[in-house]
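The values are calculated or read from the model by the stated rules, or taken from the named source; none is laboratory data. Small disclaimer: the values here were computed from a predicted structure and weren't measured. Glycine gets a Cβ as well: all are built from the backbone with ideal geometry, and neighbour counts include every protein chain shown. Note: areas computed on protein heavy atoms with side chains; ligands, DNA, RNA excluded. Shrake-Rupley method; radii C 1.70, N 1.55, O 1.52, S 1.80 Å.
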There are 2 protein chains.
Amino acid sequence: MTATPHILITNVTLLTDPDTPLIASQWILCKGTTIHSFGSMDTVPVCHGALLLDGTDKLLMPGLINGHNHCAMTLFRGLADDLELGEWLNEHIFPAEAANVTPAMVYWCTKLAAAEMILSGTTTVADGYFHEEEAARALLESGMRAIPAHGIVDFPAPGVPDPTNNIAAVETFLTHWQGKSDRITPAVFAHSPYTCSPGTLQQAKKLATKYQVPFFIHIAESKYEQQMLMDPQGTSPIRHLAALKLLDADTVLIHCVWLDDEDRKIIQKNNPGVVVCPQSHFKLASGIAKTSEMDNMGIRIGLGTDGGASNNSLDLFREMDILAKSQKARTLDATAMPARRVLAAATETNAHILGLPQLGKIAPGFKADLILLDMKRPHLQPAYNSAFLVYSTSGADVETVIIDGKLVLQERKLLSFDLEECMTKVRKLSRPLGVL
Amino acid sequence: MTATPHILITNVTLLTDPDTPLIASQWILCKGTTIHSFGSMDTVPVCHGALLLDGTDKLLMPGLINGHNHCAMTLFRGLADDLELGEWLNEHIFPAEAANVTPAMVYWCTKLAAAEMILSGTTTVADGYFHEEEAARALLESGMRAIPAHGIVDFPAPGVPDPTNNIAAVETFLTHWQGKSDRITPAVFAHSPYTCSPGTLQQAKKLATKYQVPFFIHIAESKYEQQMLMDPQGTSPIRHLAALKLLDADTVLIHCVWLDDEDRKIIQKNNPGVVVCPQSHFKLASGIAKTSEMDNMGIRIGLGTDGGASNNSLDLFREMDILAKSQKARTLDATAMPARRVLAAATETNAHILGLPQLGKIAPGFKADLILLDMKRPHLQPAYNSAFLVYSTSGADVETVIIDGKLVLQERKLLSFDLEECMTKVRKLSRPLGVL
């Protein structure tokens with residue numbers, strides 16, 4: 001990772017935000033960790049000592065934000081696919097986790113995920129897994145911006161063998177990480193209403209409020225979940241959370257596939273963020289969330305990949321494409337979830353949902369989290385407007401990545417850590433699982 | 001394009017076909033245009049003068065087969081997205097075609113499509129567009145294997161201004177191209193039952209039968225089509241074709257989204273191939289084909305991307321992923337359309353549907369149409385089995401492509417034609433349309 005106080009990119013095409021048309025032939029200047037200014041090539045500023053990058057035939061846009069991941073699950077990617085959810089979890093993923101989740105596994109497999117994300121243009125990730133202190137350390141070292149959220153469940157978990165300590169463990173995590181780095185925002189992840197009691201959920205939310213950090217929860221992912229829900233008296237998962245007063249603008253609802261009209265109205269009124277993970281919803285046969293309806297209601301829609309084992313790709317460009325297309329196929333309306341709304345979900349809306357409003361947009365004063373794409377590739381020609389970022393681009397088109405004003409990827413070479421070492425470590429960890 | 005009589009790849013992981021587990025540490029020998037033999041690294045053959053490729057950390061598999069494309073439509077990719085089908089066609093695509101389709105446009109934009117396909121691991125494409133002789137020429141020069149199919153409609157079209165000549169024009173095309181190159185199989189494309197009269201359809205099929213070439217037709221793509229269909233007496237598009245005796249093993253039905261149970265039984269009985277284009281079906285809001293049910297019935301399912309304007313990517317890896325996932329989401333059954341069935345649709349089944357059974361598999365005597373993927377990338381680690389090819393791989397992971405025993409792509413450098421020249425020509429063609 002090269003620390004550079006100033007970076008000047010010239011002759012570049014800019015996507016400042018999803019609602020503004022692309023502007024060609026621009027310069028942009030980053031000073032320290034933020035975007036300072038940009039303008040037309042007619043008047044390029046003089047910046048002695050700045051790192052100069054040539055943006056010819058390239059597009060610069062805000063780094064993508066992944067609103068939901070279990071980074072360390074890269075270890076289990078492809079271990080078991082095409083299986084019914086119960087069988088997948090109970091016969092494959094849970095036993096694999098019981099046997100393989102260790103602090104070292106979380107550290108190295110989170111780093112592998114970070115490499116994959118940086119190489120596909122993601123600059124910020126919201127994570128949640130076991131041994132989250134190791135995930136936070138890996139993400140900090142990777143050069144990414146991250147919201148590592150410590151998990152809470154009411155049963156023994158790796159790192160928290162005694163569930164009566166689950167709230168205390170999160171508080172220790174929050175106090176350790178808060179203020180440690182501008183790039184790391186520790187947070188709270190109550191796993192779900194079927195693994196946390198009402199009391200646990202309320203304590204977890206109280207803790208998040210105390211530390212002013214996001215409160216995440218998996219909710220309404222599958223039919224299966226509805227059947228498991230503790231309250232059998234017609235309460236939906238969303239109404240359950242609403243009754244516990246867990247829904248506010250600092251709560252992030254992950255999934256939201258199985259909602260009814262009343263649930264959506266409750267979300268609209270209380271303003272929690274909703275992060276959908278369409279590829280995971282498809283692959284696990286959870287269903288297709290009514291994302292376009294929620295977006296039209298003004299509910300804040302963010303995008304996430306979910307963990308590598310249920311997707312199986314952390315490329316948010318691929319995720320954006322499927323989000324747009326799935327809504328059209330579901331509604332039989334080709335205007336549903338247009339490209340600009342999908343771009344918003346992966347950039348500025350996700351930034352707001354995650355409590356980081358200084359991200360997701362190219363504007364003076366915003367964080368210098370930027371990605372540079374090579375447009376001179378056959379599959380991106382010709383380019384008429386920004387929709388090609390959703391429908392034609394893949395993460396492999398990302399050439400250079402800047403996070404917090406620092407070069408993290410240059411010409412697809414990862415600068416922030418030793419990728420070779422990381423892949424070797426993960427390979428070793430994957431051997432007992434039968435890697436090729 | 002380097003002509004090499006023999007190619008020897010060593011130390012490679014092989015996917016011979018979708019039903020066979022991956023085998024590590026193999027060598028494979030291609031002689032002339034075909035696969036000669038393969039085996040374990042314990043006993044590598046001596047091949048003086050053969051081109052040697054190191055397959056360490058790489059996977060070799062059959063080249064992907066794209067069962068449906070309108071290659072030249074790359075010119076219109078991204079020109080208009082997120083629009084209702086009628087508006088998209090009538091206000092954007094048809095006027096753009098009327099103003100821009102020329103022989104030169106078809107030649108250069110087909111070549112651009114070929115570059116994109118080769119770079120994403122597709123070695124064979126079935127194409128259909130206007131001025132198909134130029135498409136055939138471009139595909140031949142690109143180094144790809146192709147089935148260029150001459151279109152037939154009952155109204156004036158670019159290249160065939162007088163529709164009374166439409167059958168004669170196809171016959172001229174077939175006689176010109178048949179036997180010209182082992183890589184080119186000319187064919188017949190009757191556009192659809194709503195643009196061709198019953199008489200035209202029957203003459204077109206007769207011609208295909210006479211020349212023993214595939215007969216393609218778009219069918220049951222949208223609700224819109226059903227409303228337009230000429231026979232108002234309860235006839236479905238499929239029953240209309242069956243009544244005209246157009247359905248046999250040499251007919252290729254493109255789309256098949258809007259079928260009923262009777263339609264599927266008719267297809268099952270008559271054995272035409274079905275090529276689905278899930279990304280296009282999604283993006284144009286046509287719907288989700290019942291592909292997994294058809295596959296379970298023994299109907300031959302192939303995969304295509306459709307043209308670049310309705311997808312907007314010609315990467316069959318992305319298409320495979322969406323085919324698998326869309327069936328799970330539609331049926332709420334995660335076991336639907338497993339990875340191996342999707343791989344078959346893009347390789348050996350497509351080969352059979354297109355009448356080229358010597359393709360789509362690694363076996364002695366099969367055509368040397370092969371792609372080599374770099375597995376040492378963070379998003380492909382760890383790899384436990386071949387499902388990663390569907391759920392994690394993208395076309396950008398393809399490193400080397402061999403078609404008909406010749407190197408066409410090496411380390412992502414296109415060897416068969418001048419890509420820079422092609423992109424410049426397409427850029428010029430796209431200027432009147434308002435390219436960036």
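Filtering region B:217-234 for residues that are of a type outside the set (S, T, N, Q), open to solvent by 60 Å² or more (accessible area, probe 1.4 Å) and under 19 Å from the mean Cα position of the chain (by Cα) leaves an empty set. Residue by residue through region B:51-85, note down the ones that are within 12 Å of another protein chain (Cβ to nearest Cβ) and of a type in the set (A, V, I, L, M). If the condition is that a residue be within 12 Å of another protein chain (Cβ to nearest Cβ) and of a type in the set (A, V, I, L, M), then B:59, B:73, B:75, B:79, B:80, B:83, B:85 are the ones that fit.
Residue A:122 meets the conditions (1) under 20 Å from residue A:358 (Cβ atoms); (2) in contact with a Cys (Cβ under 9 Å, 6 or more places away or on another chain) in every case but one. The failed one is (2).
The number of residues in region B:260-311 that are in contact with a Ser or Thr (Cβ under 9 Å, 6 or more places away or on another chain), among the charged types (D, E, K, R) and farther than 17 Å from residue B:339 by Cα comes to 5. Considering the conditions (1) out of contact with any helix residue (DSSP H, G or I) (no Cβ under 9 Å at 6 or more places or on another chain); (2) buried (at least 21 other Cβ atoms within 10 Å of the Cβ), residue B:410 is excluded by exactly one of them, (2).
Set side by side, the residues A:236, A:197, A:222, A:181 differ, and just one is in contact with a Ser or Thr (Cβ under 8 Å, 6 or more places away or on another chain) and among the hydroxyl-bearing types (Ser, Thr, Tyr), which is A:222.
Suppose the filter is within 14 Å of chain B (Cβ to nearest Cβ), surrounded by fewer than 22 Cβ atoms within 10 Å (Cβ to Cβ) and at pLDDT below 95; does residue A:90 pass it? For residue A:90, the condition - within 14 Å of chain B (Cβ to nearest Cβ), surrounded by fewer than 22 Cβ atoms within 10 Å (Cβ to Cβ) and at pLDDT below 95 - is met. Residues in region B:321-355 that are part of a loop (DSSP other than H, G, I, E, B) and in contact with a strand residue (DSSP E or B) (Cβ under 7 Å, 6 or more places away or on another chain): B:347, B:354. For region A:378-403, a residue qualifies if it is of a type in the set (S, T, N, Q) and not in a loop (DSSP other than H, G, I, E, B), and exactly one does: A:400. Looking at B:149, B:126, B:138, B:204, just one residue is more than 20 Å from residue B:72 (Cα to Cα) and crowded, with 22+ Cβ neighbours inside 10 Å, and that residue is B:204. Beta carbons closer than 9 Å, at least 6 apart along the sequence or on distinct chains, pair a first residue in region B:54-72 that is among the hydroxyl-bearing types (Ser, Thr, Tyr) with a second that is part of a strand (DSSP E or B) for B:56/B:10; B:56/B:11; B:56/B:12. Can you find a residue in region A:281-290 that is basic (Lys, Arg), more than 16 Å from residue A:192 (Cα to Cα), open to solvent by 40 Å² or more (accessible area, probe 1.4 Å) and out of contact with any helix residue (DSSP H, G or I) (no Cβ under 8 Å at 6 or more places or on another chain)? Scanning region A:281-290 turns up no residue that is basic (Lys, Arg), more than 16 Å from residue A:192 (Cα to Cα), open to solvent by 40 Å² or more (accessible area, probe 1.4 Å) and out of contact with any helix residue (DSSP H, G or I) (no Cβ under 8 Å at 6 or more places or on another chain). In the set (1) in contact (Cβ under 8 Å) with a residue 60 or more places away in the chain; (2) in contact with a Leu (Cβ under 6 Å, 6 or more places away or on another chain); (3) more than 16 Å from residue B:279 (Cα to Cα), the condition left unmet by residue B:316 is number (3).
Here residue B:263 clears all of (1) open to solvent by 10 Å² or more (accessible area, probe 1.4 Å); (2) among the charged types (D, E, K, R); (3) farther than 22 Å from residue B:307 by Cα except the condition numbered (1). Of the residues making up region B:306-347, those that are β-branched (Val, Ile, Thr) and facing chain A (nearest Cβ under 10 Å) are B:322, B:331, B:335, B:342.
Every condition in (1) touching a Leu at 6+ places or on another chain (Cβ under 7 Å); (2) assigned to a loop (DSSP other than H, G, I, E, B) is met by residue A:373 except one, and the failing one is (2).
Take residue A:405 and decide whether it is crowded, with 24+ Cβ neighbours inside 10 Å, within 20 Å of residue A:181 (Cβ to Cβ) and more than 8 Å from chain B (Cβ to nearest Cβ). The answer is no for residue A:405.
Which of the residues that make up region A:312-335 are under 18 Å from residue B:329 (Cα atoms) and either modelled with pLDDT under 95 or aliphatic (A, V, I, L, M) (or both)? Scanning region A:312-335 gives A:320, A:322, A:323, A:324, A:329, A:332. Report whether or not residue A:323 is within 12 Å of the chain's Cα centre (by Cα) and open to solvent by less than 10 Å² (accessible area, probe 1.4 Å). Answer is no for this residue.
The single residue among A:336, A:351, A:345 that is of a type outside the set (S, T, N, Q), within 29 Å of residue B:87 (Cα to Cα) and in contact with a Gly (Cβ under 8 Å, 6 or more places away or on another chain) turns out to be A:345. Take residue B:97 and tell me if it is over 23 Å from residue B:374 (Cβ atoms), of a type in the set (Asp, Glu) and over 26 Å from the mean Cα position of the chain (by Cα). For residue B:97, the condition - over 23 Å from residue B:374 (Cβ atoms), of a type in the set (Asp, Glu) and over 26 Å from the mean Cα position of the chain (by Cα) - is not met. Going by the conditions given, is residue A:128 touching a helix residue (DSSP H, G or I) at 6+ places or on another chain (Cβ under 8 Å) and of a type outside the set (A, V, I, L, M, F, W, C)? Considered against the rule, which asks whether it is touching a helix residue (DSSP H, G or I) at 6+ places or on another chain (Cβ under 8 Å) and of a type outside the set (A, V, I, L, M, F, W, C), residue A:128 comes out as no.
Of all residues in region A:413-436, those satisfying the criterion of being more than 9 Å from chain B (Cβ to nearest Cβ) and open to solvent by less than 30 Å² (accessible area, probe 1.4 Å) are A:416, A:417.
In region A:348-375, the qualifying residues are those that are within 14 Å of chain B (Cβ to nearest Cβ) and open to solvent by 10 Å² or more (accessible area, probe 1.4 Å), and the one that is farthest from residue A:414 (Cα to Cα) is A:375. Taken over region B:337-347, the residue count meeting the criterion of being touching a helix residue (DSSP H, G or I) at 6+ places or on another chain (Cβ under 6 Å) and either on the phi > 0 side of the Ramachandran plot or open to solvent by 10 Å² or more (accessible area, probe 1.4 Å) (or both) is 2.
Of the residues making up region A:80-105, those that are in a loop (DSSP other than H, G, I, E, B) and not polar (S, T, N, Q) are A:80, A:81, A:82, A:83, A:84, A:101. Of all the residues that make up region A:62-79, how many are open to solvent by 10 Å² or more (accessible area, probe 1.4 Å) and not in a helix (DSSP H, G or I)? Number of matching residues: 2. Among residues of region B:376-391 being without any contact (Cβ under 8 Å) to a residue 60 or more places away in the chain and more than 7 Å from chain A (Cβ to nearest Cβ), the one that is surrounded by the fewest Cβ atoms within 10 Å (Cβ to Cβ) is B:377.
Residue-level analysis places residue A:154 outside the set of residues that are more than 30 Å from residue A:288 (Cβ to Cβ), among the acidic types (Asp, Glu) and open to solvent by 80 Å² or more (accessible area, probe 1.4 Å).
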